[in-house]
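Right, one structure below, let's go through it.
The values are calculated or read from the model by the stated rules, or taken from the named source; none is laboratory data. No experiment lies behind these values; they were computed from the predicted model shown. Please note: Cβ atoms are built from the backbone with ideal geometry, for glycine as well, and neighbour counts cover all protein chains shown. Just the protein is used for accessible areas: all its heavy atoms, side chains included, with ligands, DNA and RNA removed. Shrake-Rupley method; radii C 1.70, N 1.55, O 1.52, S 1.80 Å.
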Amino acid sequence: MPQSVIPKKDTRGRTRTVGAAVALAALAAGAATGAGPAAARPAQNPAAAPAAAADCGAAHRIEQKLSTGTTWRMCWRYHKDAGLTLADVSYQPPGETSPIKVLSSARLGQIHVPYDDGQNEYQDLTQAGFAQGLMDLKPSECPGGTLKTVKVPNAWDPSRERVKGLCTTTRSRGHAYRMQGDSANKVYQKQGKDLLVYTVNQTGWYEYITEWRFQDDGTISMNVGATGSLSPFDYDAGDGRGWPLGKGAKDYATSHAHNVFWRLGFALDGSSKGRVEQYDSKVTPPARGGEGPRNTTTRTRVTHELAGDARNMRWWRMVSATGKNKDGHKRSYEIVPGPSAKYPGRAYTRHDVYFTEYDKCEQFASDNLGACPAGHGKSVDKWVDGQRLKRPVVWVNVGFHHIARDEDQQPMPVHWQGFTLAPRDVTAMNPLTPAELADQNGGPENGS
């Protein structure tokens, strides 16, 4: 297997092999960017909006028209720490005459891996060489797609500066919809198609699949899948915080967490000045004489920075500042968190979503490497300090508590964690509506 690029103190032996010069350089970088004390944000001029990206050129452009008629367009770059970065993401379904801008930027914001015994804790993006571990992919790993060559910035290993590590392909996902109607004499159904964009990055004994899935109905799913193998140095029967693997109860794999953050810059209809809304529903017992419980949904405008917690019947959406669909409704995208095991051990992992005002120095959710002024907090929880949201940045945190099992060896099956952005009023109707139903917008006169 290829050499690891994890140049850091590692009492559990997560490191495989690494050159001394690389190790010293990375340790110095880690020491210079350690978490700082909680501090109020110093007075400074308001941050400028992110500059509009120039044309990315053919080599860095992804454009895919799916068989169902939807086209996705975006630019890609490769960041020296964060890995794959997508920019200027737009969506053009059938019936729309021009692309609808959705995201200005999208990438990972951190992978935080603390072990249950408290002896090891990793910041995989900023300290453990995540981006340097980009893997060469074989054509069989990108079925029916295209492998793109990635130039790894500041490559620690000159022989691995250019890697065939980015796959773009399409995949069927099953039913997009099915409707038989009242008369039962015709079935309307369509099989959905997705554009997949992904890389594989090796960090120690783990290999992370970073997958972006763009559906033909406008939905975007962001997932990280951890695979590879359990570290052979994790088997410590004396720590009391593991699960027995192998014969009997001799070898225990130490349990740990994977807390994955994503960093998103929205640009619905080309504007970064979208607004954030939170929705909460409350179910109350039936009123006297009523037939059933009542459900009341309330909307709260999120006007200032927020550290939000997912709850039953709570959700958030990013609303366009300028654009409306053909029905005159504001376009928006709903944030749909996936299953998560929230890790309470660090302040920055105690919330599911953060909305912060754009600041060019705020680049990573923890162990931030951005060039921030003195006194500026080093993690996303410190950035929620009351600023008014004018150009919101969204940070989504999804945790997974990995208690190993016999089936994790060998190799380890992929365990996925992630979330979805669901279009809400981006188009006036289902963008895949068949032509003969196109007039059924609003209350149908004679049923479906």
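The residues of segment 261-302 present an accessible area of 60 Å² per residue when probed at 1.4 Å with all protein chains retained. Extending 7 Å from Cα along the Cβ direction at Glu63 and again at Ala371 yields two label points whose distance is 3.4 nm. Calculated accessible area for segment 351-448 comes out at 44 Å² per residue, all protein chains present (probe 1.4 Å; ligands, DNA, RNA ignored). Within the listed set Ser366, Ser140, Ser272, the Gaussian network model of the chain (springs between alpha-carbon atoms below 10 Å) gives the highest mean-square fluctuation for Ser140. Taking every alpha-carbon pair within segment 378-448, the share separated by more than 14 Å comes to 79 percent. Label separation (Thr303 vs Asp251): 6.0 nm, computed from points 7 Å beyond Cα along the C-beta direction. For segment 273-356, the relative contact order is 31 percent, taking Cα pairs closer than 8 Å that sit 6 or more residues apart in sequence and dividing their mean separation by the residue count.
Calculated mean residue ellipticity, 222 nm, the chain: -1000 deg cm²/dmol, from DSSP H runs (n ≥ 4) at -39500 (n - 2.57) each, averaged per residue and rounded to 500. Computed from these coordinates, which is Rg/Rh (Cα atoms, Kirkwood Rh): (1) 1.18; (2) 0.99; (3) 0.96? Computed from the coordinates, Rg/Rh (Cα atoms, Kirkwood Rh) corresponds to (2).
Mean separation of Cα pairs under 8 Å and 6 or more residues apart, divided by the residue count, gives the chain a relative contact order of 17 percent. Per-residue extension of 0.36 nm, minus the Cα-Cα distance of Asp157 and Arg346, leaves a gain of 64.7 nm for this segment.
The value of relative contact order for segment 320-448, using C-alpha pairs under 8 Å at least six residues apart, is 35 percent. A straight chain from His175 to Asn441 at 0.36 nm per residue would run longer than the Cα-Cα distance by 93.6 nm. Using the alpha-carbon centroid of each, what span in Å lies between segment 161-176 and segment 356-413? Each part reduced to its Cα centre gives a spacing of 26 Å. For the chain, modelled as a GNM whose springs connect Cα atoms under 10 angstrom apart, the maximal fluctuation among Asp408, Asp216, Asp81 occurs at Asp408. Relative to the longest principal axis of the Cα atoms of the chain, the long axis of helix 20-32 makes an angle of roughly 60 degrees. Here the accessible area is traced with a 1.4 Å probe on the protein chains. For the chain, carbon and sulfur cover 50 percent of it. When the chain is treated as a GNM with alpha-carbon contacts under 10 Å, the residue of Pro158, Pro392, Pro143 showing the greatest mean-square fluctuation is Pro158.
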